[in-house]
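Notes to accompany the following structure.
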Amino acid sequence: VLSKLPTVDAAAFDSHADEYTADPAIVNKNLREQFTQLILKPLEAVDSGGYQKTIVLVLDALDECDNDNEIKLIIHLISLAKSLTSVRLRAFVTSRPEVPVRLGFHAIQGKYEHLILEEIPAPVIEQDIQVFLQDELANIKEEHNSQARIEDRLPQDWPGIRITRDLVQMAVPLFIFAATVCRFIADPVWSDPSGQLEKILECREMGRLEATYNPILAQLRASSNADQTALVAEFRTIVGSIVLLAEPLSATSLSLILDIPRSIRCQKDSCPAGKTLSQGHACLYWVYHVEQSGEHLIDGHEVDIFLKTHFLHWLEALSLLGRMTESMRMINTLQGLLVKIIVLTVSPDQHPLPSLSLLI
């Protein structure tokens, strides 16, 4: 928000642009003080000139914030912007309806408008996707024609009303389908929007998931044997791990767990944070993955060795993560994986006397 102030009021920006240099510790202060110093105060200093300007703040996937208390605090702090008279700060927040998010909004009743995506009428979604596809396909056509030879250029009416309508029907209600299709059609490696579009249309009779990814995977199979083998291996490692994760991880955190080279990591994530998240995930969910593997535990098993060496370290990590109470559930799960063995003892009259014991 601070970086956008020059477009609203240059003087207000100049008076607050040096917040970092004036107080270098601001980045380490609590969220409330950061919001006040870096957002509220600069916006309060804006000279409206008799006209109240509007700034829109977009917060996507608020539920992905790791700290539940900070989720509620962020919602509360945003609501404070309603007191601003110099500008109108409007926040557009997207989130799944997790408990901290619901509690945060419950505390500011009457200060927000609530919209549930699942309740948006289908015609509205269809119209939005149609507008998106028309705009994206027009951009793809323009960019392709600006670089292609005259004989390879797309016609002005490409792809046509009927084809656009078919794509809309394939996409509704998923914007991710429409976005993925457009990226596939615009792929500069192939530089053939018309051919790429035809591959998508061939999947019209498939389910939505197959129609989304089948053309992409089929295109990978067209690579050389060596490239294909490497791509398939990477796909199985990365996508297979995503499917099996008990809880979503950032690209960097997942790459650290899988030991994927930095060159193919998502560069937007910071490595230190990723390392912390990946270690936290390991502490919280390794028991879940052992359980799902279907293995049974016996003396000398890797789990046995780990617990003998790092049991207290594991409990300490859970405590630092604020999830200590979950340790009992995980220990109970491990006890359920112990191999049951029958120990036979012989009575004086040589008859076996069965007894049940657990190999721990």
message: Quick check for you: with a 1.4 Å probe and neighbouring chains kept, what is the accessible area per residue of the range 122-222, in Å²?
response: 61
statement: In the range 85-163, the trypsin sites (Lys or Arg not before Pro) that sit in a DSSP loop and have at most 10 other Cβ atoms within 10 Å of their own Cβ are R149
field: Over 18 Å between alpha carbons, listed pairs K82/K111; K41/K82; K29/K82; K29/K53
entry: K29/K82; K29/K53
task: Report, by chain and number, residues whose modeled amide H sits under 5 Å from the one on L57, excluding near sequence neighbours (fewer than 5 apart, same chain).
output: R90, A91, F92
- prompt: For the range 279-346, what ratio Rg/Rh do Cα atoms give with a Kirkwood hydrodynamic radius?
  reply: 1.05
query: So, with a 1.4 angstrom probe, what is the percent of accessible area on the range 122-222 that is carbon and sulfur?
result: 54
message: Straight-line reach from K72: which aspartates and glutamates fall under 12 Å, measuring Cα to Cα and dropping same-chain residues less than 8 apart?
response: D63, E98
Surface share of carbon and sulfur [accessible, 1.4 angstrom probe, percent] for the range 30-108: 52
field: Table column - 3J(HN,Hα) (Hz), the range 114-125, Karplus curve with 6.51, -1.76, 1.60, x for Gly and Pro
entry: 10, 9, 9, 4, 5, 9, 5, x, 3, x, 5, 4
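The values are calculated or read from the model by the stated rules, or taken from the named source; none is laboratory data. This one's a predicted model, so the numbers in the text were calculated from it and none came from an experiment. All Cβ positions, even for glycine, are placed from backbone atoms using ideal geometry, and neighbour counts span all protein chains on display. For accessibility, only protein heavy atoms count, side chains too; no ligands or nucleic acids. Shrake-Rupley method; radii C 1.70, N 1.55, O 1.52, S 1.80 Å.
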